[in-house]
Amino acid sequence: MTPEQLTAFRRDGFVAIEAFVDTDECDRLRERANEIVDAWEPTVERSIFTTDQQTRTSNREFLDSGSSIWCFFEEEAFDDHGSLTQPKSLSINKIGHALHDLDDVFEHFSYRPGLAEIARAAGLEQPLALQSMYIFKQPHIGGEVGCHQDAAFLYTDPISVVGFWFALEDATVDNGCLWVAPGGHLGPLRQRFVRTTRGDGTEFETLDTTPLPAPPPVADGLVPVEVSAGTMVVLHGLLPHWSGPNRSGESRHAYSLHAIDGAAAYPAANWLQRAPDMPLRAIASV
């Protein structure tokens with residue numbers, strides 16, 4: 001980051017770095033994501049990514065996805081009888097959560113020159129790649145992602161998570177771009193998303209009752225981040241952010257990589273756990 005970008009990140013909790021990746025790389029990730037979806041066959045229990053945090057459910061595929069590549073359907077992809085209303089390729093909400101370690105194309109993209117330096121500038125002494133997601137934001141049915149803080153889902157002690165969000169297509173207000181609360185990272189962590197003591201489900205644990213910013217049409221403290229394809233948005237783990245539903249005819253593909261500091265403790269209660277034979281890797285060029 002330039003000194004000006006680093007100042008903006010520390011002040012606002014986010015910064016958008018334009019033209020961080022070229023259009024050829026964006027196209028290759030989109031092509032590979034479509035190949036993964038085409039080859040993927042859902043189980044009888046279809047995994048749906050529930051964007052409403054109050055009704056979020058976690059099946060086995062979700063709980064195991066920290067060490068795998070799994071596709072999650074859009075909530076609105078099915079009719080009242082449980083049948084898809086459109087092709088599978090237009091029904092997937094996201095792919096998660098170990099693309100960066102289990103797929104050659106995404107690995108090459110994720111462990112890229114320069115990203116480790118930005119991670120360190122953002123405060124990570126030992127940046128480790130923890131989680132990755134390919135987000136489709138499908139035309140017409142792309143789901144809302146409620147206002148949240150990444151540290152609620154990827155908690156460390158001390159808090160260290162940083163998000164790297166790559167726009168693979170132009171992101172606009174019309175197709176569900178990110179909205180952020182500038183300076184909101186200076187506030188408290190409101191909740192944690194943890195596994196239940198039984199280990200077969202998840203729940204939210206309240207830490208602070210300060211409300212998160214209200215999304216549009218109220219948009220209390222939230223501002224849109226409209227960016228062109230190839231832009232990388234760096235997000236502080238405590239920054240409240242939101243994205244609305246996509247009712248337009250244009251998709252809004254994005255790739256998200258989250259990193260944590262290897263010097264911080266990663267609790268066993270966190271929902272996302274890696275298999276013992278898949279240790280986290282330092283962000284560096286491969």
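Details
- Options ASP261, ASP208: the member that is free of Cβ contacts under 8 Å to residues at least 40 places away in the same chain and farther than 24 Å from GLY142 by Cβ: ASP208
- Residue pairs meeting the criteria (Cβ under 7 Å; at least 6 apart or on separate chains; first of a type in the set (Asp, Glu), in region 218-240; second part of a strand (DSSP E or B)): GLU226/ALA171
- Candidates are the residues of region 234-254 that are aliphatic (A, V, I, L, M) and in contact with a Gly (Cβ under 8 Å, 6 or more places away or on another chain); the one that is surrounded by the fewest Cβ atoms within 10 Å (Cβ to Cβ) is LEU238.
- Condition met for VAL145 (surrounded by fewer than 24 Cβ atoms within 10 Å (Cβ to Cβ), touching a Phe, Trp or Tyr at 6+ places or on another chain (Cβ under 9 Å) and not polar (S, T, N, Q)): yes
- Here SER89 meets each of (1) touching a residue at least 40 places away in the same chain (Cβ under 8 Å); (2) in a loop (DSSP other than H, G, I, E, B); (3) of a type outside the set (Asp, Glu); (4) over 20 Å from TRP179 (Cα atoms) with one exception, condition (2).
- Qualifying residues in region 206-252 (those that are at pLDDT 95 or above and among the acidic types (Asp, Glu)) - the one farthest from SER91 (Cα to Cα): ASP208
- With respect to the stated conditions, ALA151 fails to be assigned to a helix (DSSP H, G or I) and within 26 Å of ARG30 (Cβ to Cβ).
- Flag for ASP38 being over 19 Å from the mean Cα position of the chain (by Cα) and free of Cβ contacts under 8 Å to residues at least 40 places away in the same chain: no
- When restricted to residues that are at pLDDT 95 or above and either among the aliphatic types (A, V, I, L, M) or on the phi > 0 side of the Ramachandran plot (or both), region 16-63 contains 9.
The values are calculated or read from the model by the stated rules, or taken from the named source; none is laboratory data. This is a predicted model, so every value here is computed, not measured. All Cβ positions, glycine included, derive from the backbone under ideal geometry; neighbour counts span all protein chains shown.
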